[in-house]
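The values are calculated or read from the model by the stated rules, or taken from the named source; none is laboratory data. Keep in mind the model is a prediction, meaning the values are calculated, not measured. FYI the Cβ positions are ideal-geometry reconstructions off the backbone, even for glycines, and counts take in every protein chain you see. Accessible surface is based on the protein model in full, side chains and every heavy atom, while ligands, DNA and RNA are left aside. Shrake-Rupley method; radii C 1.70, N 1.55, O 1.52, S 1.80 Å.
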Amino acid sequence: MTKGARRLFDYFLVCGLGPELQTMLGLRGFQGTGTMYMPSLLDQFPPASGSSCAPPPPQLPLCVLPGGVEFYPEGRNLDEESSQPRSYPIVLTDGDGSKIYVSCVAFHDPVDDDVAQAYRIPANSYVDKCICVVSHSPSFRVYREVLEELHRMCFSTSGCSKPLWEILAHMVNAVPLPTPGESQVLFSVENYLICVDVPPKDGLPHADMSFQPLMQCLDIDNVIRLFIAVLLERRVLLRANKYSLLTMVAEAVCHLIYPIKWQHVYIPVLFFGGVDYVEAPTPYLMGLHSGVDTSSLSVDGVVVVDLVHNLITTSEDIPSLPELELKELRSGLLQLLYPNLADLDCPRKNIKHCYDSGIRRFNKVWGEEHDCELRLLFLKVFASILSGYRDFVDTSNTAINVFNAQAFLKKRSRVTSNPPEPMVVQLLSSQGFYDFLERGYGSSLAGPNLLDKLQEALNMGQNAWSILPVALSDPEIINISDASSQSSAARSRYLYDRFPTNVRTEAQEEKRKAILTTATANLERPARPVLGPSISSPPSMAAAAVAKKMESLSPRERAAERERMVLDIKVKLQGLWRRLLEMGATDDPLSSSEYGTILALIESDAEGIGGSGFVECIGEHIHSGWACQLSEEQFTAVKELIKTTIGRAMSRNDMSTVRDALEISAEVYRKDAWNISDYVQRHLGALPVWDDLRFWEGYFEFIIERSSEKVGNYAALVTEQLSVLAEHMAGLGIPDTEAWFILESIGQKNNLGSKQLIKLRGLLAHSQQVRQGYWGISVNRSQASSGQTQGFHSQQLQGQTTESNQSSEGTAGVGRSWVHSMFSRDRASLAQPAARTRSRSENALMATAKENARADASQGIKRGSSGVRILRGHKAAITALHAVTKSEAGELFGDYEDAGYFISGSADCTVKTWDPALRGSELRTTFEGHTGAVRAISSDRLRVVSGSDDQRVLVWDKSTSQLLEELKGHDAAVICIRMLSGERVLTASHDASVKMWDVRTDTCVATVGRTASAILCMDYDDTTGVLAAAGMDGVGNVWDVRAGKQLHKLIGHTKWIRSLRMVGDTMVTGSDDWTARVWSISRGTCDAVLACHAGGVTCVDYCSTDNGILTGSVDGMVKIWEREDGSLQCTKNVGLHTAAILSVKAGPKWMVIGAADNSMSLFHRQEQRSNVQPNDLGGQASGWQLHRTPQRSAAMVRCVASDVERGRICTGARSGLLRLWDPVSG
């Protein structure tokens, strides 16, 4: 085989009765021949240390012998069917979701002599043994032929020409995986020739198995019901009396739902002890032998498929296929299975053609042609149901709603003249459908999309077979020969009375002898039973009942039931964890049922209860006084479990579990050969997640949110949490330069000063130095996490102790080293070119800001906290702020009582109004009714309207604080609200729609606009009826609401549009692509691109007094633009702020600015003197002069609202505090 070529076989394994006997109920030692015993891994090739493939799953022995190992009084008896060898396939799921294909041959084999002697097992006893091949290629037919020939050759009276394990080694090492559709591999097992080929990649997925068992076990109606149940992600349990049947039916139905992929728990053959998994509340597809009793289990809601009796039972309805697709599928299946019966009603003039075609195609033994025809029939169902689906897919990288399901269903209803079918509605909301969309657009792993090809072929009247690739008539033949077996000297034959064992290493032999010696010594003492069953289960009957009743429970009751289920799983995990710790020195935790059950709970739990519960029970054990020390074997098991937990947690963005796992991994350790503590955390460094800056930013945000209740200086809080990150990075072995780049980037984003950064740099350098002194310098993290302990001999430790006496000199050297590297390092090796460009721009802007600040100071600008008030009342972060203007408060009626009020919304689900005129008692009203964070607020003379994450819009009466209306209709968070004249309300949502409501009738008047993705900003001109909205797709959408039509799609931005402002015929938009654009609404064209910021543009405004444009950015700069010589030019830079600008508003007299660092500034328009020309002032913009700016506070600001009529500004912080600044009135 050529170097680098992928092998057909990953491993050859032998499983059976190991040297350490343990019953399926957890009893250790020999308990008699009538008891079932846990299987063990006896032999494998190649060894795990010498293979480039991932090691076999530790639970594999229990999977290949699901019922355990049984004793028999005799071996193979030709007259007794139960003693014959059994050949069957199984399928396992790897940690990354890929499938592992295992083919098995199980037979009766004599008990090993040393095991029989150690446990005093009766002579001439036989037990189950299983030989199997493991691969990632689904070539079931090839594997079966190989194993059956190996078994026949082993027990043949003629024997084999070479030692059996030499034949196996050559087969595993030499046979490559053929190139799909281009080559065939020929190899032989002794004199038995085997051919391997793989179909082309652009065809149907490879399925080297027959679909006939599925069609023989179930009738047409039940096949369709099973297909729908799996497609809609129900809990499906297959029952049969043969393992092969369970696997083949499970694999067949997974292929029939192509192009959808099954995304949930997949166990075609469930081991007998895991029968409690049937009660798991999450979707699954599992198979269980008919001999296992499930009468004591709750199977409410489970679709039980009895393959022996052609019966499907379930307590929940399975929706049927749409009528048209059902008719076509039934007709096709009838023609495939019973061609003569299907053509009975054909007219005589056509019957010969129908009958002859049926004879030619179907009146022969079921083969690959029938399998392909069957798969195409089900693919036609998807082609019909999803007709035109591409028109409703958003291919942009920033889209939240990838597929517009509502629009698709409306279009389908118009075509079929029927309301949306329940089956189609559930399909569009399934996880598998969204996975199909993600794989079909922009993914390098997408592969061919045969669905699109089939839809096109059917529309053109072509045969469905035309979409499949044509096999090469003359593929490349690759012959694999064993030269040693062809030697003339190889004349001797090797005969076996049992399946031979592979040559063991010295360490393996010593370990086996130690186990058997211990077993012999314990024979005189009765075996101590393990407390509780050894096989734990996922959620119990109570949890299954919760899943059944979930639809009828209130949110409070649902939460209570879920807490009960979580508690049940955690109790089971605690028992498993303690039994794992109780294992002795001769036990192997990786092959124990405790380890396998914990691993299954972590991997199969979609909600993360298993992973979070596992790290939580370890944490509780640590807090109870546990010393955290593990044996070598326990350490390996715990390390692998924590790795799996972190991987699963990251797939759900579960930062809480990641944090707990990192903390316990820094506590749990083992003692290596030199008695040095080796911590689990050091072995987690190979996980790729640590290389991503975005992970550390998200992790920091999580821990800072959890620490937001702490009272104190914000900079100190940020430094404290970054110190935690530094310790974790050092423990994980992240190189110093990479770790410091991450920490510095986060620190700068949170406005840490140079003193805090120097302290942080010192802590990181010290941690890295301690780590290197403890374990030595690692060349790279892969070596650091390879599992080999890098300890020192006692002489080295003594040398370190001697050197520690010279602390002053060493510390000084280290200090000079890290200070020098901090301020003179080459950042080019750490940041991307775009980041370096951005950094240079930020430095230039900071210099400009300092110059402006010095210029302002020279002009005697007033500074201080005069007029700043802290408003308390909210219990969570402020998420929305609104300033009440004169027009809202009733300018037309001359009633200005509410003008100048501020209205705030919070994550505590409340809305509050504040009157700045009432010092000390500003809080006027509290509105309660939302169940999610409030995201948008508006008001008029009589009402307050708010939108929330709970997808509702609530309308309150200002005077009575009573809830007037509840407007329901959005399918996602409501993000923008605008109160209009005529008691109408405009709302925009993340569901990509803008709706107009009549608050008098509590109805949605119309959905006035739809976009391709979530909406982030909206503006409306009540005089012209023009509506503008934009969001994550980077497109500005303009509608004429009164005419009921869309005017323009303004395309130009390349990233999210964060803000827009519309005045007359001009619209200004600000985007994450670092630019703002000025558009003409009447022409639908871009008049100007404003591109001088060094970050995303977060806010824009239009000053109608002088037609100036203001833009604020995440770079902390505010720029004022005016027209000079026919084009817009930046005439003034405001560089007073060091964090993202959240709001900039300009009125006739005042301009107010609010930033994320809680800094605020108020500008006053300086009147132009009559004897000064405009050019002397540099345009109208130079008329803005800084009036006052208060001292910053430590709070992190979420939102800002400005009252430009009075020169007031209010900021809302993450801590729930409001900061009201009224510099004009003092």
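At-a-glance table
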| quantity | calculated |
| --- | --- |
| Ordering of 497-504, 646-653 by burial proxy (mean other Cβ atoms within 10 Å per residue, highest first) | 646-653, 497-504 |
| Out-of-range pairs (alpha-carbon distance over 25 Å; input Lys511/Lys570; Lys453/Lys1055; Lys875/Lys1119; Lys411/Lys968; Lys749/Lys995; Lys749/Lys1119) | Lys511/Lys570; Lys453/Lys1055; Lys875/Lys1119; Lys749/Lys995 |
| Rounded, prolate or oblate (a/c below 1.5 giving rounded, otherwise prolate when a/b exceeds b/c) for segment 611-662 by Cα gyration tensor | oblate |
| Whole-angstrom gap from segment 55-96 to segment 1035-1108, using each part's C-alpha centre | 68 |
| Dipole magnitude of segment 1088-1135 about its Cα centre (Cβ charges: Lys, Arg +1; Asp, Glu -1), debye to nearest 20 | 100 |
| Under 5 Å, built H, 5+ apart or other chain: amide partners of Ile100 | Leu92, Thr93, Asp94 |
| Relative packing of peptides 453-461, 1009-1017 - highest average C-beta neighbours within 10 Å first | 1009-1017, 453-461 |
| Accessible solvent surface per residue of segment 606-753, calculated while the other protein chains remain in place, 1.4 angstrom probe, Å² | 38 |
| Nitroxide proxy distance, nm - points 7 Å out along Cα→Cβ at Glu966 and Leu942 | 2.2 |
| Solvent-accessible ranking of His882, His623, largest area first, probe 1.4 Å | His623, His882 |
| Estimated D of segment 60-107 in µm² per second, where Rh is the Kirkwood radius over Cα pairs and Stokes-Einstein applies at 10 °C, 1.306 mPa s | 126 |
| Nearest-0.05 FRET efficiency for Thr501 and Leu193, computed from C-beta distance (R0 35 Å) | 0.80 |
| Accessible area per residue in Å² at 1.4 Å probe, computed on segment 177-304 | 32 |
| Rounded to the nearest 10 Å², the accessible area of Thr416 at probe 1.4 Å | 50 |
| Column: log10 I(q)/I(0), Debye, Cα scatterers of segment 1063-1142, q = 0.18 Å⁻¹ | -0.68 |
| Surface share of carbon and sulfur [accessible, 1.4 angstrom probe, percent] for segment 594-752 | 48 |
| Rounded D (µm²/s) - segment 133-256, Kirkwood Rh over Cα pairs, Stokes-Einstein at 10 °C, 1.306 mPa s | 93 |
| Label point distance in nm, Glu323-Arg141, each placed 7 Å from Cα along Cα→Cβ | 4.2 |
| Stretchable slack from Glu697 to Thr35, in nm (0.36 nm times residue separation minus alpha-carbon distance) | 232.8 nm |
| R0 of 45 Å, Cβ-Cβ distance Leu918-Asp1065: FRET efficiency to nearest 0.05 | 0.60 |
| Linear extension gain, Thr518 paired with Gln117, 0.36 nm per residue minus alpha-carbon span | 143.1 nm |
| Amide H contacts under 5 Å for Arg924, placed H, 5+ residues apart | Thr913, Trp914, Asp915 |
| Long-range HN-HN contacts of Leu42 with modeled amide H, under 5 Å | Val14, Cys15, Gly16 |
| Label-point gap, in nm, between Asp79 and Arg152 - each point 7 angstrom along Cα→Cβ | 2.5 |
| With DNA, RNA and ligands ignored, accessible area of Glu166 (1.4 Å probe; Å², nearest 10) | 100 |
| Extension gain (nm, one decimal) between Gln431 and Asn713, 0.36 nm per residue minus Cα-Cα | 97.1 nm |
| Accessible carbon and sulfur surface of segment 923-982 relative to its total accessible area, %, 1.4 Å | 40 |
| Area of Trp262 that stays accessible when all protein chains are in place (1.4 Å probe, Å², to 10) | 40 |
| Carbon plus sulfur fraction of accessible area for segment 1012-1144, probe 1.4 Å, in percent | 47 |
| Heavy-atom surface of segment 7-131, accessible at 1.4 Å and reported per residue (Å²) | 39 |
